[in-house]
1. Could you pull out the trypsin sites (Lys or Arg not before Pro) across the range 74-158 that fall in loop regions by DSSP (anything but H, G, I, E, B) with no more than 10 other Cβ atoms inside 10 Å?
2. With labels modelled as points extended 7 Å from the Cα through the Cβ direction, what inter-label distance (nm, one decimal) is found for H19 paired with K88?
3. I want to verify a result. In a Gaussian network model of the chain, Cα cutoff 10 Å, which of these has the top mean-square fluctuation: F130, F140, F173?
4. Roughly how many nanometres apart are two label points built 7 Å out from the Cα toward the Cβ at D10 and E97?
5. Please give the FRET efficiency for I162 paired with A48, using the beta carbon to beta carbon distance and R0 = 45 Å, rounded to the nearest 0.05.
6. If you plug each phi of the range 2-8 into the Karplus form 6.51 cos²θ - 1.76 cosθ + 1.60 with θ = phi - 60°, what whole-Hz ³J(HN,Hα) values come out, in order, with x for Gly and Pro?
7. Once you place label points 7 Å from the Cα toward the Cβ at E104 and F130, how far apart are they in nm?
8. Can you tell me the 0 to 90 degree angle between the C-alpha axis of helix 133-152 and the longest principal axis of the chain, rounded to 10?
Amino acid sequence: MEKHAPSNLDEHVFASINHWGEHAPWLDGPMVFITNTAFSPVAGIPVALFTIGHINDDRELALAGFTTAMGLASSGLVGEVLLKNIIKRKRPYHVIEGTRLITEGAHGYSFPSGHTSSTFGLATGLSLHFPKWYVIGPSFLYATIVALSRPYLGAHYPSDLIAGAVLGVGFQFLWYEFEKSYKDKWKLFPSGEPVPASSIIAIKLPI
């Protein structure tokens, strides 16, 4: 495919973010690192909540882990399996002339951004279940930095990020509403009452 210069707003914004590193090359390492580590908290945090909830007999905590995981799985299925293979949008480094690459480039299709979908989904799931500033602020800040790392590395257009964020946030809200309607009927979870505050980080050990 013949490459071209940025020709619309989406492509111009992409090019601007992609070339930040020309003026601040110290960003290269952190951007690569945060992109490469994004899926560890996405996979680990819901599993940890679900597991600790069961160990502590904390139904609410186990539900938080399960519902967040289901939202992430749903957005991943729709975004990665369906939309990417239906739309088949080329990665910008294949299309935009002068794209700055500091890695070998992402594989597969571009729309929507899976990194953005999963990190914004995680941030939304945590914020819905633990609506505290020290959960909401850091989780969405992290998701935003992950999202910005994608055009910086030449992997996604801004519109890919927006679509990914909408997908991730939307499925979390859907599963949260489903949880509120059916959580008392599900038998998969412990029946105990939540342990105040410490249940998130403390595991009850048998005496």
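1. Listed in order of number, the matching sites are K132.
2. 3.2 nm
3. F130
4. Once both label points are built, they end up 2.0 nm from each other.
5. Working: r = 29 Å, r/R0 = 0.65.
E(calc), rounded to 0.05, equals 0.95.
6. Karplus-based 3J(HN,Hα) across the range 2-8 equals 6, 7, 9, 6, x, 10, 9 Hz.
7. Going by the 7 Å Cα→Cβ label model, 3.6 nm.
8. With rounding to tens, the tilt is 30 degrees.
Where a number appears in this text, it was derived from the coordinates with a stated rule and is not lab data. The structure displayed is predicted, hence computed values, not measured ones. Note that we place each Cβ from the backbone using ideal geometry, even for glycine, and neighbour counts take in every protein chain shown.
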